[in-house]
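What follows is a single structure, written as structure tokens, with notes after it.
All of the numbers you see were taken from the coordinates with simple rules; none came from a lab. Only a predicted model underlies this, so the values are computations on that prediction, with no experimental measurement involved. As a convention, Cβ positions derive from the backbone with ideal geometry for all residues, glycine included, and neighbour counts pool all protein chains shown.
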Amino acid sequence: MLLKDVSQAALAREMQTIRRSYQSSVLNGTLTPEAVERRMALITPTTALDEFDTVDIVTEALVEDLKVKTSVFADLGCATRAGCLLASTTATFDVDELARASGRPASVIGHHYFRPAYTMPLIEIVRGRGTGPEVVATSLKLVKRLGKVGVVVGHCVDLVANRMLASYVREAYLLLDEGASARQIDRALTRFGMPAGPFAMEDVADIDVARIRQQVRQHGVKRRAATRGAVTEDEIVGRITTALASEGAHVLKEGCASRPGDIDIICCYGFGFPRARGGPMYYAHNQRLTTDD
């Protein structure tokens, strides 16, 4: 495995970060010290892009700066062999922009990992307009080999998982604005089966919580006078699950996901929607059937 950065100092820092991550696995008993050394020996730090001319897969994991990423993909398009898969971890930018920069759109795909990547099981595999089917298939095989869960999605702003998570948090802030407490909302959702409520997890969520708060302030004032009062736990769960299902319907309509089940997998593995309830789309469908009966 090659690890590339612009300087030896940066590479040294990254190797230390990787070693620290492995050391935490030693402490919890999932790796032995010998296994750590074997894994570290497989990594070759380099500052030279010309060493990538024989690799099969390249994963770009740079800061979310479009100018930097397009420049790197332009270089990768020239430096790697035909057939080499070029993946980006971006959750912000359109994969098609990176594909155009590379000059090899059929080879480019998105691999959106969730933080922390070494424990979170989900990877969104983001197919661009020109991504070749063999690249999608290779990505799915790679994700499986990594022991993770892969879901193929199309590009949309914030991708599917972050859009669903944002709708979850947004509805929680609307409920807060209408009289429920953060503690009550978190408690209702953990009792429903979530590993943590929206307020407990907002510090680690990969979404713009400040922007969501501003949206709620803009739209919540008109609702407050009419709806302020006691909010039950059943209402909290109903509002949150309905908001998720509604956002999922928009995602499907826009073609960002192929089927409701993909959205359910993303929500269950991406931010902990209780698997026993099947995911927000399955849950909403069953609730409608129950109501109709």
Quiz item: How far, in nm, would the chain grow between Ala82 and Leu49 when pulled straight, counting 0.36 nm per residue and subtracting the alpha carbon separation?
Solution: 10.3 nm
Quiz prompt | Quarter of Cα convex hull surface for segment 38-108, i.e. mean projection, nm² | solution = 5.0 nm²
Practice problem: Taking the Cβ of Ile125 as the centre, find all other residues whose Cβ is under 14 Å away and add up their charges (Lys, Arg: +1; Asp, Glu: -1). | Solution: +2
Quiz item: If the chain between Thr119 and Glu254 were fully stretched, how many nm would it gain, using 0.36 nm times the residue separation less the Cα-Cα distance?
Solution: 45.6 nm
Quiz item: Local charge sum around Asp96 (other residues, Cβ-Cβ under 11 Å, Lys/Arg +1, Asp/Glu -1)?
Solution: +1
Quiz item: In the chain, which cysteines lack any other cysteine Cβ under 4.7 Å from their own?
Solution: Cys78, Cys84, Cys267, Cys268
Quiz item: Residue separation times 0.36 nm, minus the C-alpha to C-alpha distance between His285 and Ala41: what's the value?
Solution: 82.8 nm
Quiz item: How many angstrom separate the Cα center of segment 9-28 from the Cα center of segment 37-73?
Solution: 17 Å
Self-check item: Order by protection proxy (mean Cβ within 10 Å, highest first), peptides 150-160, 245-255
Solution: 150-160, 245-255
Practice problem: Would you mind computing Rg(Cα) / (2.2 N^0.38 Å) for the chain, counting N as its residues? | Solution: 1.13
Quiz item: So who's got an amide H within less than 5 Å of the one on Met194, skipping anything under 5 residues away but keeping other chains? H placed 1.01 Å off N, in plane.
Solution: none
Quiz item: Scattering from the C-alpha atoms of segment 2-157 alone, worked out with Debye: what is log10 I(q)/I(0) at q = 0.10 1/Å?
Solution: -0.38
Quiz item: Could you give me the ³J(HN,Hα) list for segment 143-151, computed from phi with Karplus coefficients 6.51, -1.76, 1.60 and θ = phi - 60°, whole Hz, x at Gly and Pro?
Solution: 4, 5, 5, 6, x, 10, 10, x, 10
Quiz item: So, in Å, what gap is there between the alpha-carbon centers of segment 94-128 and segment 144-197?
Solution: 22 Å
Quiz prompt | At q = 0.12 Å⁻¹, base-10 log of I(q)/I(0) for segment 96-181 (Debye sum, equal scatterers on each alpha carbon) | solution = -0.46
Quiz prompt | Helix-only CD estimate at 222 nm, as mean residue ellipticity for the chain, using -39500 (n - 2.57) per DSSP H run (n ≥ 4) | solution = -18000 deg cm²/dmol
